[in-house]
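Right, one structure below, let's go through it.
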Amino acid sequence: MKTSKKLLAILPALALVAASCGGSDSSSEGSAASVDSAAPAATDAPEEVDQTQAGDLTFHMITHSDDGPFWSVLKRGADAAAADLGVTLVWKPGVNDAQVMVQDIEAAIAEGSDGIAASLPDPDALVGPLQSAVAAGVPVITLNSGSNDYQEIGALTHVGQTEVIAGNGAGERFNAAGAKKILCGQQEQGNVALTERCEGLAETFDGEVVIAFMGLDADTTEQQNTINAALAADTDIDGFMGVGPVITLSGLRAAQDLGRDLTIGGFDLTPELIGEIEAGNIAFTVDQQQYLQGYMPVLLLFLNVTNQNTLGGGLPILTGPGFVTPENAAEILALSEVGTR
């Protein structure tokens, strides 16, 4: 085997990246980068361990991505990790279709993937194929959705947030704002992570929570009209939570159309959403730091394959929840506009 000189430089950096994994208040494509084989010698440095050459490694990231604003940031993180490490990354967006993801997982196994990072929006469909990957000797890490099922798969770890806990935090913020009845709008059907966000909200919120599918992000006009109709039919609703950034903005527009002064909270980030928080039109959004959800699985797969490292100690690696509020919106907005938040 050939030597990857990147490894010794990456290990200290891992500690810095992992330290930020707790959150903060404050279609197939391939990407590859060459390995720097000329690291400077250091006096009395330990002898380097022979590692598989990074350029020979191919990792697959298979998600339910629709390539919208959330997933574009996550992909940017994954691409950055691949470039930093000198590995090939194959990006497979399932566009919210679990069966497409199953086919992509099976294809990655057949191609001899060196590691699979996968989201788990539909455990019933996806746990089995990912177990087959592990049985075939392919290391697996789940990301974004999958915190309840990664151990059953035999995955190395899960990188993401615990959705119920994130919903709990949102409920507490609605309580502080004095809301009494919240419409929790979902933009996908059958995605367990989105359901858990609303259920977590209901656990801590002191009032009533109405959970409903409000239309897909792909058609924001229909989505906004559906929310508008739900709000018009129930004048007691004084709060709206969108479980994604696009539907949160649709909720704001619907409330504005009706002249309703609602407390609005959301999940995840886009520059437009953060701008509305800064302007005081939206109270908060939950930040799960999706850039890390893309970057960390590639890094962890690399370290496992080349150095038999694992991280998490059997527990998930949490990237959230953090919260973007009017107090820190300007700072986060600047990062969101360059595509890393």
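The values are calculated or read from the model by the stated rules, or taken from the named source; none is laboratory data. Nothing here was measured: the structure is a model prediction, and the numbers come from that model. Counting neighbours? That spans all protein chains shown, and the Cβs are built from the backbone with ideal geometry, glycine included.
Select from region 166-191 the residues that are in a helix (DSSP H, G or I) and surrounded by fewer than 19 Cβ atoms within 10 Å (Cβ to Cβ) and list them in ascending order. I'd like the intermediate steps shown before the answer.
Applying the first criterion (in a helix (DSSP H, G or I)) to region 166-191 yields 166-177.
Selection gives 172, 175, 176, 177.
Here is a yes/no grid of residues against (1) under 28 Å from residue 332 (Cα atoms); (2) of a type in the set (Ser, Thr, Tyr):
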site	(1), (2)
219	yes, no
232	no, no
249	yes, no
252	yes, no
263	yes, yes
268	yes, no
284	yes, no
304	no, no
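Whether any residue in region 311-328 is in a helix (DSSP H, G or I) and buried (at least 20 other Cβ atoms within 10 Å of the Cβ) is what I want to check.
Restricting attention to region 311-328, the residues satisfying the condition of being in a helix (DSSP H, G or I) are none.
There is no residue in region 311-328 that is in a helix (DSSP H, G or I) and buried (at least 20 other Cβ atoms within 10 Å of the Cβ).
For the condition within 17 Å of residue 341 (Cα to Cα) and of a type in the set (Gly, Ala, Ser), what is the one hit in 265, 259, 251, 244?
244
Quickly run through region 75-108 and pick out the residues that are assigned to a loop (DSSP other than H, G, I, E, B), surrounded by fewer than 17 Cβ atoms within 10 Å (Cβ to Cβ) and among the aliphatic types (A, V, I, L, M). I'd like the intermediate steps shown before the answer.
In the first step, residues of region 75-108 are kept if they are assigned to a loop (DSSP other than H, G, I, E, B); the result is 86-87, 94-97.
Now drop any that are not surrounded by fewer than 17 Cβ atoms within 10 Å (Cβ to Cβ), which leaves 95, 97.
Once the filter is applied, which keeps residues that are assigned to a loop (DSSP other than H, G, I, E, B), surrounded by fewer than 17 Cβ atoms within 10 Å (Cβ to Cβ) and among the aliphatic types (A, V, I, L, M), region 75-108 yields only 95.
Go through the residues of region 177-194 one by one and say whether even a single one is within 27 Å of residue 67 (Cβ to Cβ), modelled with pLDDT of 95 or more, assigned by TED's automatic domain parsing to the domain that holds residue 283 and among the β-branched types (Val, Ile, Thr).
No, that holds for no residue.
Considering only region 132-154, I want to know if a residue exists there that is in contact with a Lys or Arg (Cβ under 7 Å, 6 or more places away or on another chain) and of a type in the set (Gly, Ala, Ser).
The answer is no; no qualifying residue exists.
Consider region 308-341. How many of its residues are among the β-branched types (Val, Ile, Thr) and more than 15 Å from the chain's Cα centre (by Cα)? Give the derivation first.
Step one: filter region 308-341 for residues among the β-branched types (Val, Ile, Thr), giving 310, 317, 319, 324-325, 332, 338, 340.
Still in the running and more than 15 Å from the chain's Cα centre (by Cα): 310, 324-325, 332, 338.
Counting residues in region 308-341 that are among the β-branched types (Val, Ile, Thr) and more than 15 Å from the chain's Cα centre (by Cα) gives 5.
Just checking, does region 109-119 include any residue being of a type in the set (A, V, I, L, M), under 20 Å from residue 74 (Cβ atoms) and part of a helix (DSSP H, G or I)? Working first, answer last.
As a first pass, look at region 109-119 and keep what is of a type in the set (A, V, I, L, M): 109-110, 116-118.
Cutting the leftovers down to under 20 Å from residue 74 (Cβ atoms) gives us 116-118.
Cutting the leftovers down to part of a helix (DSSP H, G or I) gives us none.
No: zero hits.
Return the residues of region 203-240 that are of a type in the set (Val, Ile, Thr) and part of a loop (DSSP other than H, G, I, E, B); say none if nothing qualifies. Walk me through how you get there before you give the answer.
Our first condition is that a residue be of a type in the set (Val, Ile, Thr); within region 203-240, this holds for 204, 209-211, 220-221, 226-227, 235, 237.
Within region 203-240, 235, 237 qualify.
Going by what's in this entry, would residue 333 be described as touching a Pro at 6+ places or on another chain (Cβ under 7 Å), under 13 Å from residue 141 (Cβ atoms) and crowded, with 19+ Cβ neighbours inside 10 Å? First the steps, then the outcome.
Values: touching a Pro at 6+ places or on another chain (Cβ under 7 Å): yes; under 13 Å from residue 141 (Cβ atoms): no; crowded, with 19+ Cβ neighbours inside 10 Å: yes.
Criteria not met by residue 333.
Within region 104-118, does at least one residue satisfy the condition of being touching a Lys or Arg at 6+ places or on another chain (Cβ under 9 Å), at negative phi and not aliphatic (A, V, I, L, M)?
Yes: region 104-118 contains one or more residues that are touching a Lys or Arg at 6+ places or on another chain (Cβ under 9 Å), at negative phi and not aliphatic (A, V, I, L, M).
So in region 273-307, with the set limited to residues that are assigned to a helix (DSSP H, G or I) and in contact with a Pro (Cβ under 8 Å, 6 or more places away or on another chain), which one is nearest to residue 73 (Cα to Cα)? Steps first, please.
Applying the first criterion (assigned to a helix (DSSP H, G or I)) to region 273-307 yields 273-278, 290-307.
Next cut, in contact with a Pro (Cβ under 8 Å, 6 or more places away or on another chain) only: 273, 277-278, 301, 304-305.
Values: 273: 15, 277: 19, 278: 21, 301: 20, 304: 24, 305: 25 Å.
Applying the filter and picking the extreme gives 273.
Condition test on residue 275, is it crowded, with 16+ Cβ neighbours inside 10 Å and touching a helix residue (DSSP H, G or I) at 6+ places or on another chain (Cβ under 7 Å)? Please lay out each step first, then the result.
On the way: crowded, with 16+ Cβ neighbours inside 10 Å: yes; touching a helix residue (DSSP H, G or I) at 6+ places or on another chain (Cβ under 7 Å): yes.
For residue 275, the condition - crowded, with 16+ Cβ neighbours inside 10 Å and touching a helix residue (DSSP H, G or I) at 6+ places or on another chain (Cβ under 7 Å) - is met.
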